[in-house]
1. Report, by residue number, each residue of the range 69-82 that is surrounded by fewer than 17 Cβ atoms within 10 Å (Cβ to Cβ) and within 22 Å of T119 (Cα to Cα).
2. What about A54, is it over 21 Å from the mean Cα position of the chain (by Cα), more than 27 Å from R105 (Cβ to Cβ) and small (G, A, S)?
3. So, of the residues in the range 15-46 that are hydroxyl-bearing (S, T, Y) and at pLDDT 85 or above, which turns out to be farthest from R105 (Cα to Cα)?
4. Starting from residues that are exposed (fewer than 10 other Cβ atoms within 10 Å of the Cβ) and among the small types (G, A, S), keep the ones in the range 16-68 and report whichever is farthest from A79 (Cα to Cα).
5. Got at least one residue in the range 13-28 being more than 24 Å from C117 (Cα to Cα), touching a residue at least 12 places away in the same chain (Cβ under 8 Å) and either within 24 Å of the chain's Cα centre (by Cα) or not in a loop (DSSP other than H, G, I, E, B) (or both)?
Amino acid sequence: GGAYPMKDGQTRFTTLKEKMSAFQFQFGKAVKSEKCTVLFPSRWQDFVCGKDNAFLIGEAAGFISASSLEGISYALDSAEILRSVLLKQPEKSNAAYWRATRKLRLKLFGKIVKSRCLTAPALRKWIMRSGVAHIPQLKD
């Protein structure tokens, strides 16, 4: 599987399979094919934690990486954060949850910036030519 633009996604997927065959990957006939639109945050306002004592976690809250489209770890992280907030029984639970997810939202906002950098053709070309392997993550 993969995430591709809607316009030419099937063509790109077929091209990927052809390239992978050079690395000894063997693909049989597809039994079933499914497609869906992948939604991910593209701005700070896309993070929505809920209101009126209704709470959102994981992808429902916008907690999905814009650069890798990974979301399960953020779903688990936000569920743990919500659990901690609710155990304290604050008077304004939604506001407390919003504050408690700040670090997670900042981390994911960084992924939005990263995604924009990696998908800008000129910048991506410069990065690839620079020889930069990776940027080390700061320890929590």
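The values are calculated or read from the model by the stated rules, or taken from the named source; none is laboratory data. Quantities reported herein were computed from a predicted structural model and do not represent experimental measurements. Note that each Cβ is placed from the backbone with ideal geometry, even for glycine, and that neighbours are counted across all protein chains shown.
1. Passing the criteria: L69, E70.
2. So A54 fails the test.
3. At the first step, the residues of the range 15-46 found to be hydroxyl-bearing (S, T, Y) are 15, 21, 33, 37, 42.
With the extra rule that they be at pLDDT 85 or above, the set shrinks to 15, 21, 42.
Working: T15: 35, S21: 39, S42: 12 Å.
Here the answer is S21.
4. So the residue we want is A22.
5. Checking the range 13-28: not a single residue is more than 24 Å from C117 (Cα to Cα), touching a residue at least 12 places away in the same chain (Cβ under 8 Å) and either within 24 Å of the chain's Cα centre (by Cα) or not in a loop (DSSP other than H, G, I, E, B) (or both).
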